[in-house]
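Scroll down for the structure; my scribbles are underneath it.
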Amino acid sequence: MGIKALREDGTVDFDAVEELAARNERDIERARIHAGDVLLSMRGNFRAALADKKCESLLISQNLALLRFREGIDPGLMAAYLTSQQGRDALTPLARGRAVPVLSLAALETLEVPVLSEEAQGRLAACLAACREYEALARTEADLVDTIKEALIAEHLGVRR
């Protein structure tokens, strides 16, 4: 899986998953994605996504970092943080290059990430889930509005596709 598969909204675009060649079995195991992993783009516009069960058989490319967090840290919140403006602002000074910023794993290890109590993580996760649900409904609604506009124009102006 490469950078193209990470959407701006923190999800994975399975249509953009590419097949890549791996050198050896050790590389394959280190690059294998598991549900709950956070995938972070290491170059360009920093994006993160939470891997779900659909990602489990995939391997990351060299342009992605695979992040696994210790028990008690919600990986979904970490993906949301890294995708947020605050997360991007924290990553930017760690990157090299201006035209195409690139993060190294060594630089990424120095990133200080705010950690909430498990109770606070649960509350924030519920709020963010409601926001994602609202965003999905808003996208669906916008698509319906576009369809209605096109139908009205076609009906009243005689434009047929």
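Can you find a residue that is within 21 Å of residue 62 (Cβ to Cβ), in contact with a helix residue (DSSP H, G or I) (Cβ under 7 Å, 6 or more places away or on another chain) and without any contact (Cβ under 8 Å) to a residue 24 or more places away in the chain anywhere in the stretch 143-161? No, the conditions are met nowhere in the stretch 143-161. Within the stretch 60-77, being crowded, with 21+ Cβ neighbours inside 10 Å, farther than 29 Å from residue 119 by Cα and free of Cβ contacts under 8 Å to residues at least 60 places away in the same chain holds for one residue alone: 60.
None of 132, 123 is of a type in the set (D, E, K, R), modelled with pLDDT of 95 or more, within 27 Å of residue 73 (Cα to Cα) and surrounded by 11 or more Cβ atoms within 10 Å (Cβ to Cβ) except 123. Being surrounded by 10 or more Cβ atoms within 10 Å (Cβ to Cβ), hydrophobic (A, V, I, L, M, F, W, C) and farther than 18 Å from residue 47 by Cβ is the requirement here; does residue 94 meet it? No; evaluated as a whole, the condition is false for this residue.
The values are calculated or read from the model by the stated rules, or taken from the named source; none is laboratory data. Source: prediction; values computed, not measured. Positions of Cβ are generated from backbone atoms using ideal geometry, with glycine treated the same way; all protein chains shown enter the neighbour counts.
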